[in-house]
1. Any residue in the range 69-95 that is at positive phi and at pLDDT 95 or above sitting within a Cβ distance under 6 Å of a residue that is surrounded by 14 or more Cβ atoms within 10 Å (Cβ to Cβ) and not in a helix (DSSP H, G or I)? List the pairs, counting only those 6 or more apart or interchain.
2. For the range 35-50, indicate whether the set of residues that are modelled with pLDDT of 95 or more and among the basic types (Lys, Arg) is non-empty.
3. Of all residues in the range 76-106, count the ones that are of a type in the set (A, V, I, L, M, F, W, C) and under 21 Å from Gln51 (Cβ atoms).
4. Taking Ala56, is it closer than 22 Å to Gln19 by Cβ and free of Cβ contacts under 8 Å to residues at least 40 places away in the same chain?
5. Being touching a residue at least 24 places away in the same chain (Cβ under 8 Å) and in a loop (DSSP other than H, G, I, E, B) is the filter here; which residues of the range 96-109 pass it?
6. Say we look at the range 35-75 and pick out the residues that are assigned to a helix (DSSP H, G or I), in contact with a helix residue (DSSP H, G or I) (Cβ under 6 Å, 6 or more places away or on another chain) and charged (D, E, K, R); which of these is nearest to Asn105 (Cα to Cα)?
7. Would you check which residues across the range 81-95 are of a type in the set (A, V, I, L, M), more than 18 Å from Glu38 (Cα to Cα) and assigned to a helix (DSSP H, G or I) and list them?
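The values are calculated or read from the model by the stated rules, or taken from the named source; none is laboratory data. From a predicted model like this one, the values you see are computed outputs, not experimental measurements. Here the Cβ is made from the backbone with ideal geometry for all residues, glycine too, and neighbour counts use every protein chain on show.
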Amino acid sequence: MAITKLKASNIISSNEFNQFELALECYDQIPKDTSEEENVLLGKAIALGNQKKFDAALSCLNQALYLNPKNENALLNKGIILAELKFYDNAVICYDQALIINPNNLIVL
C-alpha cells in the first residue's frame with residue numbers, strides 16, 4: 001500500500017495533467033478502511049480537481065472531512081474547489097475553518 005500511495009503522490013507532485021488518471025488508478029488500488037483512508041481521499045480529490053472533475057473531488061473531500069473534520073488540507077482543497085465552482089461564500093467558510101485549525105496558514109492568509 002505504501003508504494004502505491006507514494007507512487008500516486010509522486011505522480012500528482014509532477015503536476016502532469018495526463019498523469020492524474022494514473023494517480024487515480026494507484027489510489028483506487030489502496031484498500032478502503034485503512035489508517036491512510038483520509039489521506040488517500042485527499043490525494044484522490046487533488047487528482048480529480050486537477051482534471052476539473054469537481055463534483056467527484058468534493059465527494060472525496062467531504063468523505064475525508066467526515067473521517068477528520070479538522071483536516072486542514074481537506075478544508076483548503078475544498079475551499080479551492082468551491083471557489084472554482086464560484087461558490088465563494090462557501091469557499092470562505094472552508095478557509096475560515098482552516099484558519100481556526102492553523103491561524104498561521106500562509107496559503108489562506
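1. none
2. Looking through the range 35-50, none of the residues is modelled with pLDDT of 95 or more and among the basic types (Lys, Arg).
3. Of the residues in that region, 9 qualify.
4. yes
5. Selection gives Asn102, Asn105, Ile107, Val108.
6. Glu72
7. Answer for the range 81-95, where residues must be of a type in the set (A, V, I, L, M), more than 18 Å from Glu38 (Cα to Cα) and assigned to a helix (DSSP H, G or I): Leu82, Ala83, Ala91, Val92, Ile93.
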